[in-house]
Amino acid sequence: MNTDERQPATETQRRGSLFTCLRSYCFVVPIVYLYTGVLGAVALLCSLFDRDGRVQHRVARLWAAINLKTIGVRVRVDGRERLERGQAVVYAVNHLSAIDIPVLYAELPDQFRIMAKKQLFRYPFLGWYLQRSGQIPIALGEAHAALRTVKRACDVLHGGMPLVIFPEGGRSPTGQLQEFMGGAFYVAIRAQVPVVPMAIVGSYELLPMNSFHTLAGEVGLIIGEPISTAGLRVRDTEKLAARVRQEIAELYDSHAERTPQLSAGDEGAPKPIVNT
């Protein structure tokens, strides 16, 4: 994945066609919002009796599958055998698009929790679901809130629940891999659980940040070898973050050229961004 600033992916390019644009705004986006509202309400009702979040997670998986189908996204998973069910791990994933969340819900085998920006918890339905289903808000720049976040994340992992983190802190606006923040790796070291690097390939080309123009196509979810944190100390946080970032970049680069980004008829989308 391109990590320098020489060739930003946000240069003006033609994405799709008039047909795909009309399809997105007149069909895909309204349907996605409709399913999100309806299934969000169902998840909220389930939260009244679903204390461990199992039913809510099933609703989220249904939401993900329906939305991916509506958009026309096919997901190819490489390295699925590296996922050990029932194990507390930290999944570290690059973040390119709003498509990434449905991909993870649809393809990861077990229930998990997500560390997400606090601002997302303020949105109707989405925020209500995040709060009621036990997801973990990250309050950047607030020391006391950060300590609560670390404690809560460690409690989740100690309880045997996997944790999903986006180390870049949000979606990449350029399609390039951004710098990693150390908080999630601090949590992994404190909890002494493995970090599983994962690369999502192709979602930026189908739906970049700040766009509602979706394209149909294939997204790759590439799962790397777990990285042990046994014996690591808090002072090793930056070193672990750098290693995971390098692993994710290599996973992306090794699979990007194998991912057909668009289905037939969707022309003009940017190619995968790889190191040169």
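Values for this structure:
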| item | result |
| --- | --- |
| Every residue from region 28-45 that is surrounded by fewer than 19 Cβ atoms within 10 Å (Cβ to Cβ) and either aliphatic (A, V, I, L, M) or in contact (Cβ under 8 Å) with a residue 12 or more places away in the chain (or both) | Val29, Ile31, Leu34, Tyr35, Thr36, Gly37, Val38, Ala41, Val42, Leu44, Leu45 |
| Residues located in region 168-196, provided they are of a type in the set (Val, Ile, Thr) and closer than 14 Å to Arg243 by Cα | Ile189, Val195, Val196 |
| Residue count for region 46-60, restricted to those that are assigned to a helix (DSSP H, G or I), surrounded by 13 or more Cβ atoms within 10 Å (Cβ to Cβ) and touching a residue at least 40 places away in the same chain (Cβ under 8 Å) | 3 |
| Candidate set from region 188-218 (those that are β-branched (Val, Ile, Thr) and in a loop (DSSP other than H, G, I, E, B)); member that is surrounded by the fewest Cβ atoms within 10 Å (Cβ to Cβ) | Val193 |
| Any chance Asp266 is at pLDDT 85 or above, surrounded by 13 or more Cβ atoms within 10 Å (Cβ to Cβ) and of a type in the set (Asp, Glu) | no |
| Matching strands (runs of 3 or more DSSP E) fully within region 70-151 where at least 1 residues are in contact (Cβ under 8 Å) with a residue 40 or more places away in the chain and not aliphatic (A, V, I, L, M) | 73-78, 90-93, 113-117 |
| Selection from region 64-91 of residues that are small (Gly, Ala, Ser) and closer than 22 Å to Glu205 by Cβ | Ala64, Ala65, Gly72, Gly79 |
| Odd one out for Arg15, checked against (1) free of Cβ contacts under 8 Å to residues at least 12 places away in the same chain; (2) touching a Cys at 6+ places or on another chain (Cβ under 9 Å) | (1) |
| Meets criteria (within 12 Å of the chain's Cα centre (by Cα), β-branched (Val, Ile, Thr), closer than 12 Å to Ala64 by Cβ and surrounded by 21 or more Cβ atoms within 10 Å (Cβ to Cβ)) for Val93 | no |
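The values are calculated or read from the model by the stated rules, or taken from the named source; none is laboratory data. Owing to the predicted nature of the structure, the values given are computational and were not obtained by experimental measurement. We place every Cβ from the backbone using ideal geometry, glycine too, and count neighbours over all the protein chains shown.
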